[in-house]
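Here the structure comes first, spelled out in C-alpha cells, and everything after it is commentary.
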Amino acid sequence: MTTKRESVAVTRLIPAVAQSAPDPAARRKPSSNPVERVTAVEMGARQREISVSEFFTKNRHLLGFDNPRKALLTCVKEAVDNALDACEEAGILPDVTVRLEVVPIDGVTAPATQATRFRLTVTDNGPGIVRQQIPRIFAKLLYGSKFHRLRMSRGQQGIGISAAGMYAQLTTGKPVRIISRTGPRAAAHFFEVQIDTKKNEPLVHESKQIDWDQPQGTQVTLEVEGRYQKGRASVDEWLEQTSIANPHARLIYHTPEGETKEYVRAYHEMPPSPREIKPHPYGIEFGMFLKMLQDTKSHTVAGFLASDFCRISPSLADEMCKAAKVTPAMKPRDLKGSAAETLYRTIQHTKIMAPPTNCLSPIGEKAILSGLYKQIKGEFYTAVTRPPAVYRGNPFVIEAGLAYGRRSDEQNKPEKPIAPKAEGEHEEDDVELARVIRYANRVPLLYQQSACATFKAVLGLSWKNYGVAQSRGALPAGPMVIFVHMASVWVPFTSESKEAIADYDEIHKEITLALRECGRRLGLYLRRRERAASEYRRRNIFELYIEEVVEACNRLKGGKVPKEKLKKQLQHIALSRTGGTKTDEVLGKTGGGPEGLPHSIIVTESGVESEVSVASESGPEQASEASETRAGHRDEAAGGGSPSESKSGGSKHLNRGQSPGKPTAKGSRTGLFGGWTDGKDKADQALSWSAKRAAHARRGTTA
Amino acid sequence: MTTKAKKPTPVEKKLVGLADLVIQAAERSKDPTLQIPIRALSNVSFNERKGMIEMGEKKQARSFFNVGMAKKFMQTMLVADALAELQRAELTTSLREIYYRTKHTIKDSHENTFDTQDESDPIIEDLEVSLAALREELHVRAENAGSIVGPVVFGDDGDRVDCSKLGKGGYSVPSIVEPEYLEIRRCTADFVLLVEKGTQWNRLSEDKFWRRYNCILLTGNGQPPRGVRRLARRLHEEWRLPIYVLVDNDPWGYYIYSVVKQGSINLAFESQRMAIPKAKFIGLSSADPERYGLPRNVGIKLNDKDMARAKELMNYQWFKKPAWQAEIKRMLTSGLKYELDALANKDFQYLTKQYLPRKLRERDWLD
C-alpha cells in the first residue's frame, strides 16, 4: 500500500510542473510582465520518468533521514529490524551485535558527541542471504519479501535497509558492505554495493568469498553522516526499548564512546511464527478490488472471491454473486464498471467472519513482564495482552504493560551521605511524569509521540482512579513507565517514516481497555501498599520520637530517669496502637504473593513476588552469567539447524535455572511458557462477534 | 541569685512536671497528653468590668501517640528541656536561640527536630500558657524594639538612666522590664504618649515635644512588644500617668490601640499584667482629615484586606462602643486610610506644633 502512495506522490510532481505555466491571471495581463510562453511540446520534452530512488534522494525526510541524529538512528533501526526479522523467520533466537564507531576525518578522530561521520556494523546470527540476492536486497528500493503478503513483521515495504544504504552513499559516498553466510558449510560472501539511483538497480563494486569467523548470519556495514547524542530518541534509547519488547533477543551494543552494553536474553522461547493470511474483504478498497480482479489466477468470479480473500467460503461467494446479480462463473477480467461496484458493495454489506488472527505474534504477557523487569528498575510490573480485534479488515492485538516505582536499592546507593538538613532544605519531591514507550510490531517508536494513538489513549485515561496523580491533559505523574504495543499485519502509521500509530476508534478502544486493566492492577497494588505503609509510618514516627522524648525527660529530671524502662514502656504503647504484628504481614515482610494481581511482579526489599518465574530467576547479577551459558547452548542448537531443538534446549535450561529456594508465588509455577499458550487459546476463540459488529458499525457510520 | 545548691524555681518545677507526666503515663500504659489552653478568639472573652480580654477555659489535648501531634509533642518536650536548662543556668535568651538550641537531626533519620523557627515559637507560647508562666519568667526575651524619652529616671543593672538627658535617641526599652530588672526611680511627667511609628516618635523627640508638654514619649515601632506595653502599664499603675495612643488611621492602628488597652487575643493570659484599660486613643481618627483639613489626595485607598479587617474589628466586643462603631464606619464610608506621616503635607512640624496641641487642648480622644 505504501508503494501506491509513493507512486502517487511521484506522479503528482509532473502535473504540478505542467499547471504552473498557464496561470489564468498571467494570461490576462501579458503586457506588464512579459511571461515566457512554453508550448506543450516543449513541456513534453521536459517530462520524464522519475525513479523511486531519485525521488527518495530528494525526499529523504519521508523515510526518517531528516537530520543527522535521526538519520543515524534510522540506519541502526533498519539494520536491526532486518536482522531480527530474518532470525525470527528462520526460527533462530536472535543474537545481534550493533557497533557504532567514529570514522576519523583527515586522520582526526573526534569525540563521539562531536563526530559527524560514523561506521555502523550490525551482525546477526540469522539464516544469511543467498549470494544472488544480496545486491538487490541492499541496493534496490522496494525489493523484499515482506510487502506482498499479509503477515506481521517489523519491516514491510523493503525500503528500509536500501534507503539507509542510499543515505550512506549520498552523505559519504561509501558503498554498503555485506558479509553473509548461510551455514557453517557454505562459504561467506563479501559484497560492496551501491545503488544506481537513476535505474533503481544495484551496482556491485566488489564481490568475493572470504573467511568469516561466524558460522552463519549476515553483517552489514554502513558509513554515514550522523550525530550521536544520548538521551531522548537516541540510538541508546531505541536499543534499550527494543530489548524490552524483544526479550527473546540478545543485543550487544558497542557505543561510539567505547562502552559495551549487553541486553541479555530474558525469555528463551521464540515468538510463534506468524502465518500469512489473505486480505479480508472489509479491508480492501474498490480500486484495489478492481486490480485484484485483473490479476487473479482464478477463472470465475466466485472462485476469485473464495480463493483470493480470507473468510469467504465458495458457498458464500456464490451467494454474494447472486445478491449482486453477477454470474458466479463469469471471468473475473470481464467484470467491470458498475457491475464490479455492485459486487464490491454487496461484499461490504455481507456479514463476513473476522479475519483469522494466527497472522499475529503478540509478545505475550510473560515476555513483556520479563522485558520490563530486565530493563526497568521498579517495584511493580504488570502486563496485559488483549484478545485480537479488527480495524478495516486488519486484525491487530494491543498489549500494554506498566512498570512502577523506584527500586529501593537504587535509592539507597551511597550517592549522598546522610547530611543533616539545614533550614530551607527539603526532600526533593520530584514530579516526574510517566514515560510512555510505544511499539508497533515490536519496534520502538521514538518520534511524534503526541500524534500517536497510544499516547492519546494514555492521556485519555483517568489515572486518578488508580491512585496516580495526573493534571489535566497531561501524562500521569509518578515513577512509571507505560508500555504499549500494537501487533498487526498492517500497522496504520500516520506517515511513511513510521513514527506514530493512527488513531482509529477500534485501536484507541483496545489500547484504553488494556491500559485500564494495567491501571486497575496498579491501583490495587498501590492501595494495598499504602494501607500497610501508613500503619508502618505511624509506628515509625513514634519510634523515631520516643528516643527524643525519653532523652528530654531524662534531662528534665536531672538524669535520674530509668531510660531503657521508659523507652520500652513507650514502645509497647506504640505497638499496641498501630496494629502490631499484623502490619508486618500486610507489609509483605512475611511473604505472601501478589494475590488478585495476575501477570504482575512485585519487588520488595525481601525479594521478588510473582507468578512469573523469570523475575526471581534472572536477578540483576545472575542474569548476565546465566545468559552466557544459555547463549552458548543456543549456539550449538542453532548450529544443529533445527529450531525445535533449540527451543527444547532453552526450556531445559530454564527449568534448571529456576532456583528452588526463591519464592515464586502461590500455585502456578508455569514458568515462561504458560503465557504463550494462554494467549493462543485466546487467539483461537478470537474474533468474537462483538469485534465483528464493531467493524460493521464503523462502516455503517462512514457510509 | 544564690549559688550552687539553689532550690529549683517555681517555673523549673513546672517544667519538670512535664517529664513526670510522661513517665506516669508510660507506667500506666496511657498516652501521655498535655492540656494546652487554646489561644484563639474562640477562647477569649471581654471582661467589661475590668475592661480587658481574658482567656477562657477551653483546652486542647496534645497527645504523643497521635500521628498528627506526635512531632509537636516531642518538640514541646525538647523546648521544655531547653527552658529548664535556662532556669538552672540563670540565663535569658531569645526565641531564635531556643530554636537553635533545640534543633538537631533525629538519630538514624533525615528528619530535623525543628525545620524553622516558626515551629518553635508557638511551642514557647504554648508552654507560657499551659504553665501559666510569663515569658520573662521563662527567661525568654524579645528584641529591644522600643524607645523612650522624657522626664523619667530608671535604674538598670545599677546604672542610672535619665531619659531626659539621652538626646533625641532616647533609651532603648529592654524586653524585660519587671521591677527586678528595671527600677523606675523618679518620674515627673504628666502623661505618656505611645506612638505607633518610630518616624513620628523621632519627629516629636527632635522637636522636644516632651519638654514642652512634660510627657514621656514611647514607641514600639509598630505593634508594641511586651517590654513597651509592660513599661507603659507600670508608668500608668505606679506613677498614675494617663496613656495616650497615637497611631495611623487604619484598621491595624485601631488594633494596636486595642491591644494596649485590652490585651491581645493571642496572649490573653497576660492581659492581667499588660492591659491598660484606661488608655485613650488620641489619633489619627477618621474624623481628623476633615477637622484638620487634610486633603483627600494624601489618603490611601482601603484594600480588600483592610476592609475585611475593619469589619472584623467592628464585631469585637471591645469595639462595640457607639463612638468606636461610628469611628470605624466613617473610615469605611470614606474608603480611605491616612498615615501619621501624611500630616507633613501641611507642614513638617504640623504634628508637633498644631495637631497634638489642639488635640490635647480640646481633649479630643476616644476611649
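Structural remarks
- Pairs of Cα atoms nearer than 8 Å and 6+ residues apart set the relative contact order; for the range B:7-98 it is 29 percent.
- The slack between residue B:111 and residue B:96, meaning 0.36 nm per residue of separation minus the straight C-alpha distance, is 3.4 nm.
- Prolate/oblate/rounded call for the range B:125-257, Cα gyration tensor, a/c under 1.5 rounded: oblate
- Pair residue A:40, residue B:186: separation of 7 Å Cα→Cβ label points (nm): 12.7
- Coil-residue trypsin sites (Lys or Arg not before Pro) of the range B:181-265, DSSP, other Cβ within 10 Å capped at 11: B:240
- Spin-label proximity, residue A:257 to the range A:222-250 - amide N less than 14 Å from point 7 Å beyond Cα toward beta carbon: A:228-232, A:234-237
- Modelled spin labels at residue A:211 and residue A:325, positioned 7 Å past Cα toward Cβ, are 7.8 nm from each other.
- In order along the range A:113-122, the Karplus-derived 3J(HN,Hα) couplings, from 6.51 cos²θ - 1.76 cosθ + 1.60 at θ = phi - 60°, round to 6, 10, 5, 10, 10, 10, 10, 10, 10, 10 Hz, and Gly and Pro are given as x.
- On the basis of the beta-carbon distance and an R0 of 51 Å, residue B:40 and residue A:232 show a calculated FRET efficiency of 0.45.
- The range A:46-94: trypsin sites (Lys or Arg not before Pro) in DSSP loop, at most 11 other beta carbons within 10 Å: A:48
- GluC sites (Glu not before Pro) within the range A:32-137, DSSP loop, no more than 12 other Cβ atoms inside 10 Å: A:36, A:49
- Residue B:354-residue B:273 FRET efficiency (beta carbon distance; Förster radius 35 Å; 0.05 resolution): 0.45
- Under Karplus coefficients 6.51, -1.76 and 1.60, residue-wise ³J(HN,Hα) of the range B:234-247 in Hz, glycine/proline x: 5, 4, 5, 7, 7, 10, 6, 8, x, 10, 10, 10, 10, 10
- Environment charge at residue B:185 (Cβ cut-off 12 Å; Lys +1, Arg +1, Asp -1, Glu -1): -3
- For the peptide B:113-126, the mean number of other protein chain Cβ atoms found within 10 angstrom of a residue's Cβ is 1.
- Between residue B:280 and residue B:208, the FRET efficiency estimated from the beta carbon spacing at R0 = 22 angstrom works out to 0.45.
- Amide H within-cut-off set for residue B:280, under 5 Å, with H built and near neighbours excluded: B:243, B:244, B:245
- Amide H within-cut-off set for residue A:117, under 5 Å, with H built and near neighbours excluded: A:103, A:226
- Greater than 18 Å apart at Cα, pairs in B:58/B:261; A:230/A:366; B:301/B:337; A:70/A:377; A:140/A:278; A:140/A:198: B:58/B:261; A:230/A:366; A:70/A:377; A:140/A:278
- Cut-off under 5 Å, modelled amide H: who pairs with residue B:336 long-range: B:302
- Scaling the Cα radius of gyration of the range A:56-258 by the globular reference 2.2 N^0.38 Å produces a ratio of 0.96.
- Distance histogram for the range A:281-353 (every C-alpha pair counted, 10 angstrom bins, percent rounded to whole numbers): 22, 66, 12
- Size of electric dipole in the range A:180-288: Cβ of Lys, Arg +1 and of Asp, Glu -1, about Cα centre, debye, nearest 20: 360
- Remark: the residue A:576-residue A:505 segment gains 20.1 nm on full extension, using 0.36 nm per residue and subtracting the alpha carbon distance.
- Two-site label geometry, residue A:527 and residue B:7: point separation in nm, points 7 Å out along Cα→Cβ: 6.5
- Rounded Å value of the spacing that divides the Cα centres of the range B:5-77 and the range B:260-292: 30
Rule-based calculations on the coordinates, nothing more; no lab input. Predicted model only: the values in this text are computed from it and were never measured. As a convention, Cβ positions derive from the backbone with ideal geometry for all residues, glycine included, and neighbour counts pool all protein chains shown.
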